[in-house]
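The values are calculated or read from the model by the stated rules, or taken from the named source; none is laboratory data. What you see is a predicted model, and the numbers here were worked out from it, not measured in a lab. Ideal geometry is used to build each Cβ from the backbone, glycine not excepted, and the neighbour counts take in all protein chains shown. Please note that ligands, DNA and RNA were not included when accessible areas were found on the heavy atoms of the full protein model with its side chains. Shrake-Rupley method; radii C 1.70, N 1.55, O 1.52, S 1.80 Å.
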Amino acid sequence: MSRPVVAVVGRPNVGKSTLFNRLIGQRVAIVEDTPGITRDRLYHKVEWRGQEFTVIDTGGIILNETDPLAVQVRVQAQIAMEESDVILFVVDAADGMTSTDQDIAEVLRASPRPVLVVVNKADNPRLLMDAAEFYALGLGDIHTVSAVHGHGVGDLLDIVVAHFPADFDFKDDDEDAIRLALIGRPNVGKSSMLNSILGEERVIVSPIPGTTRDTIDTNFEWDGQKLVLLDTAGIRRAGKIQGTVEYYMVMRAQTALERSNVGMVVIDASTGVMDGDKRVAGMAQEAGRACIIVVNKWDLVDPGVVYHKGIQRRPDRAKIEKFTEQFRKDCPFLEYAPLVFVSAKERFGVRHAIETAITAAQNHALRIPTGELNRLIRDATERRPLVEHGRPFKVYYATMPRVQPPTIMMFCNDENLMHFSYKRYIENQIRLTYPFEGTPLRIQARKAENKEQEKG
């Protein structure tokens, strides 16, 4: 990364996510009084006294746990520690020092990175005094804070930035990056897709539906193009999850979609298009984001894409065409969204998926020159005039006031004359010249208010 990295580690339920949220100044990590809520690594940019750095929230570490998911959580935390420049070891003043704290401290003593012992939940004078027992961990000074109330966090940040290397090369690694949100219903392979793209175990992959609970931002570069991948929690019907942890996962996924350029809607090829897939894809369209459909687990439909002795035969075009035809029938509102067929497990089609997403992002930001736009619309309306109740629909002038998504404003004699089907006709005529593959078009009509607008 191009900024210093600070990892927040510790055993479960000591308030790591609360401290993470306090450091970044917003509620990104899910916080609930239940151990084990955070599982994957969360990254976020922080600025303190003009200094930028990246903070990583990690899952709770239990060193002697044999449960496979707990083992992966421990691995994720260890990777975060290896990536970091400073480690914040969070302990709980209310619980006091535990054997797990001592085990983690034993591991951290071998780390070449500076380790700051952060005694959280020091909310009253008694707890502040009791915090002194954590000196016994042998990691130097302790730093008492209350992440909930913010006490001591400013002093902690001053100490954190003082530990950064003096010769660090500070650059903004998000500048000019295309943001891709991996969205989809649970267990369609979003995290597997992210790992396949990155070629590393950056996020936990599990066959248990709902394993990913938070949104994870991952910066990387693809053929010189800076990208940010947002891996999100599986999206279920909101009415079924109101008031639960999963409700907040969905809210987080929606937020991720809103701050992305492209929604990569991941669906399971083996189950076909389900109602949940339609709802997720509809979220991308309603948010006005570019959209591609990533048909994952294609190896279960077409085993030929599985490498055998280093050989992979061409995919079955008939199966691809059949699936595409069914998808277009089920989701006619996404006619503009390209389908890419992949197997994250076999790394089949992954490059094509990313390249298609980059193209969709570029189309999402494409602006048609004003003169060309007016010519296209003039030719379309002359080719197929619209007359309603004896009144002709006249377009005097058109412009693109914004992009992302591309939005076309037509100044006309009466906006009420343009119904949905004619708007679709105008859109199709524009797409004949400018395909805008992967991005929705917003076409609006507005009554011309003066002679200048009528003349264009």
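Remarks
- If the condition is being out of contact with any Pro (no Cβ under 7 Å at 6 or more places or on another chain) and more than 15 Å from residue 380 (Cα to Cα), then region 420-444 contributes 420, 435, 444.
- Filter pass, residue 117 being closer than 16 Å to residue 14 by Cβ, β-branched (Val, Ile, Thr) and modelled with pLDDT of 85 or more: yes
- All positions within region 281-308 that are at pLDDT below 85, closer than 12 Å to residue 348 by Cα and either assigned to a strand (DSSP E or B) or among the aromatic types (Phe, Trp, Tyr) (or both): 307
- The condition of being touching a residue at least 24 places away in the same chain (Cβ under 8 Å) and surrounded by 19 or more Cβ atoms within 10 Å (Cβ to Cβ) holds for only one of 341, 333, that being 341.
- Close pairs from region 4-27: first of a type in the set (Gly, Ala, Ser), partner assigned to a helix (DSSP H, G or I), Cβ under 6 Å, at least 6 apart: 7/80; 7/81; 10/16
- Which listed residue, of 153, 148, 205, is over 24 Å from residue 3 (Cβ atoms), modelled with pLDDT of 90 or more, surrounded by 13 or more Cβ atoms within 10 Å (Cβ to Cβ) and not aromatic (Phe, Trp, Tyr): 148
- A residue that is buried (at least 16 other Cβ atoms within 10 Å of the Cβ) and either at pLDDT 95 or above or assigned to a strand (DSSP E or B) (or both) can be found somewhere in region 388-395.
- Scope region 168-180; condition at pLDDT 90 or above and either open to solvent by 50 Å² or more (accessible area, probe 1.4 Å) or among the aliphatic types (A, V, I, L, M) (or both); matching residues: 178, 180
- Top-ranked residue in region 355-387 [being among the aliphatic types (A, V, I, L, M) and in a helix (DSSP H, G or I); ranked as farthest from residue 222 (Cα to Cα)]: 380
- Selection status of residue 377, under 27 Å from residue 198 (Cβ atoms) and among the hydrophobic types (A, V, I, L, M, F, W, C): no
- Selection status of residue 408, assigned to a strand (DSSP E or B) and open to solvent by less than 30 Å² (accessible area, probe 1.4 Å): yes
- Scan of region 101-128 for residues that are outside any strand (DSSP E or B), over 22 Å from residue 4 (Cα atoms) and open to solvent by less than 20 Å² (accessible area, probe 1.4 Å), ordered by number: 101, 104, 105, 122, 127
- The sole residue among 374, 416 that is out of contact with any helix residue (DSSP H, G or I) (no Cβ under 8 Å at 6 or more places or on another chain), free of Cβ contacts under 8 Å to residues at least 60 places away in the same chain and of a type in the set (S, T, N, Q) is 416.
- Looking only at residues in region 328-346 that are in contact with an Asp or Glu (Cβ under 9 Å, 6 or more places away or on another chain) and of a type in the set (Phe, Trp, Tyr), the one that is nearest to residue 361 (Cα to Cα) is 336.
- Check on residue 356, in contact (Cβ under 8 Å) with a residue 40 or more places away in the chain and open to solvent by less than 70 Å² (accessible area, probe 1.4 Å): yes
- Against the test of being open to solvent by less than 50 Å² (accessible area, probe 1.4 Å) and either among the β-branched types (Val, Ile, Thr) or at pLDDT 90 or above (or both), the options 162, 131 yield a single qualifying residue, 131.
- Selection from region 38-59 of residues that are surrounded by 20 or more Cβ atoms within 10 Å (Cβ to Cβ) and either modelled with pLDDT under 70 or of a type in the set (Val, Ile, Thr) (or both): 38, 39, 40, 41, 42, 54, 55, 56, 58
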